[in-house]
Amino acid sequence: MATRLFASRGFEGTSLGDIAEEVGVRKPSLLYHFESKEALRQAVLDHVLARWTETLPRILLAATAGEDQFDAVTREIVDFLVEDPDRARLIVREALDRPDDFREQLARHVQPVVVNVAGYVRRGQQHGELRAEVDPEAYLFHTTVLLVCGVAFTDSFSELMPGHRRHGAPRQRLTRELLRMAKSSLFLPAKSRVSRGKDR
């Protein structure tokens, strides 16, 4: 409930009273568990970013294990955001409303992971499995932004897809296309990988 309210109204626009009412408890009961609104906000963000931190390494580590595993693990983090789009909306809102604090959160939770995963991508490039022209850190940046914003803005921007009602739910279509883009921009075509393997 707190995630939804923070995502829709922002931190400043959400009171502890609003959250307590939404959860169905009295404000003192909420304060028993969280000493302040800031503490509650921190707990909500920690939950979302901790899951991201657990899953993000597996996404690109899977790249060195093949496309099928890459698909499965990438879909796991997409599903985490899609099952509750307020998680993605909260990330976007925090990044816009409190950029300095959000950069600190990313530095603490996500940056160490990105550094390690970028190293694995470079090894995949050296072995001829991944596109040599990919900038690992920039790839991670753009894929992350596309994923989060794609989920956060689906409802608002779905009218940009003419005929979306005939061809399936916008979020499903966008998820399929995002996964295709993420994979095709990282992996070499199968024929290229075979020929490079023979050259070595």
Subset of region 23-35, residues open to solvent by less than 70 Å² (accessible area, probe 1.4 Å) and free of Cβ contacts under 8 Å to residues at least 12 places away in the same chain, comes to Gly24, Val25, Ser29, Phe34
With criteria (1) over 19 Å from Ala182 (Cβ atoms); (2) modelled with pLDDT under 85; (3) surrounded by 20 or more Cβ atoms within 10 Å (Cβ to Cβ), Asp86 comes up short on (2)
Here the residues within region 5-18 that are surrounded by fewer than 18 Cβ atoms within 10 Å (Cβ to Cβ), in a helix (DSSP H, G or I) and not aliphatic (A, V, I, L, M) are Ser8, Arg9, Gly17, Asp18
Filtering region 145-196 down to residues that are under 27 Å from Ala118 (Cβ atoms), hydroxyl-bearing (Ser, Thr, Tyr), modelled with pLDDT of 70 or more and open to solvent by 40 Å² or more (accessible area, probe 1.4 Å) yields Ser184, Ser185
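Identify, please: which residue in region 117-137 is open to solvent by 40 Å² or more (accessible area, probe 1.4 Å), assigned to a helix (DSSP H, G or I) and of a type outside the set (S, T, N, Q) and is, among those, modelled with the lowest pLDDT?
Here the residue is Tyr120.
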> With respect to Leu96, is the statement that it is in a helix (DSSP H, G or I) and under 15 Å from the mean Cα position of the chain (by Cα) true?
Replying inline: no
With the first residue restricted to region 80-92 and required to be farther than 13 Å from Asp155 by Cβ, and the second required to be open to solvent by less than 20 Å² (accessible area, probe 1.4 Å) and of a type in the set (S, T, N, Q), Cβ contacts under 8 Å at 6 or more apart or on different chains are Phe80/Thr55
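The values are calculated or read from the model by the stated rules, or taken from the named source; none is laboratory data. Fair warning: this is a prediction, and the values are worked out from it, not measured in the lab. Cβ atoms come from the backbone with ideal geometry, glycine included; neighbour counts cover every protein chain shown. Calculation scope for accessible area: heavy atoms of the full protein, side chains included, ligands and nucleic acids excluded. Shrake-Rupley method; radii C 1.70, N 1.55, O 1.52, S 1.80 Å.
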